[in-house]
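The values are calculated or read from the model by the stated rules, or taken from the named source; none is laboratory data. Predicted model, so just to flag it, every value in this text is computed and none were measured. Positions of Cβ are generated from backbone atoms using ideal geometry, with glycine treated the same way; all protein chains shown enter the neighbour counts.
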Amino acid sequence: MSDDRNAAERAPRGELQIRTLAMPADANPNGDIFGGWLLAQMDIAGGIFASQRARGRVATVAIDAMAFHLPVYVGDVLCCYADLERLGRTSMTVQIEAWVIRRDARQRVLVTEGRFTYVAIGEDRRPRPVPPA
């Protein structure tokens with residue numbers, strides 16, 4: 001996990017997987033986006049990344065760490081980046097960073113990051129080896 005002070009001074013880690021707009025239906029009464037919505041977007045981004053690397057179906061088996069640095073607001077453009085952290089025989093750990101572009105700004109801000117573990121799933125819905133790169 002990164003240090004909040006350094007987040008604004010660096011570029012996102014990994015490849016952009018999804019980009020979406022935070023909408024009023026995703027917010028609590030105070031106007032902040034629900035953490036569960038943000039976590040779901042990160043899992044979708046990680047799943048896209050992992051399924052491409054595994055060349056097939058994957059399942060989320062763990063969220064090893066999450067750090068919520070700053071709130072996400074209605075109108076923010078959420079960008080989720082994924083980077084391979086560890087590759088096992090049937091599983092992989094993916095570092096996912098969630099950055100936002102605020103409505104009035106052009107600069108990205110790191111809001112959340114986490115480590116997600118995915119396992120490659122075969123036709124029989126059981127773990128299968130991840131193919132070599």
Handout entry: Verdict on Ala120 being under 17 Å from Trp37 (Cβ atoms), buried (at least 18 other Cβ atoms within 10 Å of the Cβ) and hydrophobic (A, V, I, L, M, F, W, C)
Key = no
Practice task
Kindly indicate which of Ala25, Ala40 is within 30 Å of Asp124 (Cα to Cα) and either outside any strand (DSSP E or B) or touching a helix residue (DSSP H, G or I) at 6+ places or on another chain (Cβ under 8 Å) (or both).
Solution key: Ala40
Problem - Which listed residue, of Gln95, Gln41, Gln107, is buried (at least 18 other Cβ atoms within 10 Å of the Cβ) and under 20 Å from Ala22 (Cβ atoms) - result: Gln41
Problem - Condition broken by Thr20, with the remaining ones in (1) in a helix (DSSP H, G or I); (2) farther than 25 Å from Glu123 by Cβ; (3) of a type in the set (Ser, Thr, Tyr) satisfied - result: (1)
Completion exercise
Contact list, first residue from the range 72-84 and closer than 30 Å to Val130 by Cα, second anywhere and surrounded by fewer than 17 Cβ atoms within 10 Å (Cβ to Cβ) and charged (D, E, K, R), beta-carbon distance below 8 Å, six or more apart or interchain, is Leu78/Arg19; Cys79/Arg19; Cys80/Arg19; Tyr81/Arg13; Tyr81/Glu15; Ala82/Glu15; Asp83/Arg13; Asp83/Glu15
Exercise for the section: Report, ordered by the first and then the second residue, all pairs with beta carbons closer than 7 Å, sequence separation of six or more or different chains, a first member in the range 46-66 that is at pLDDT 95 or above, and a second member that is of a type in the set (Lys, Arg) and surrounded by 13 or more Cβ atoms within 10 Å (Cβ to Cβ). Expected result: Ser51/Arg57
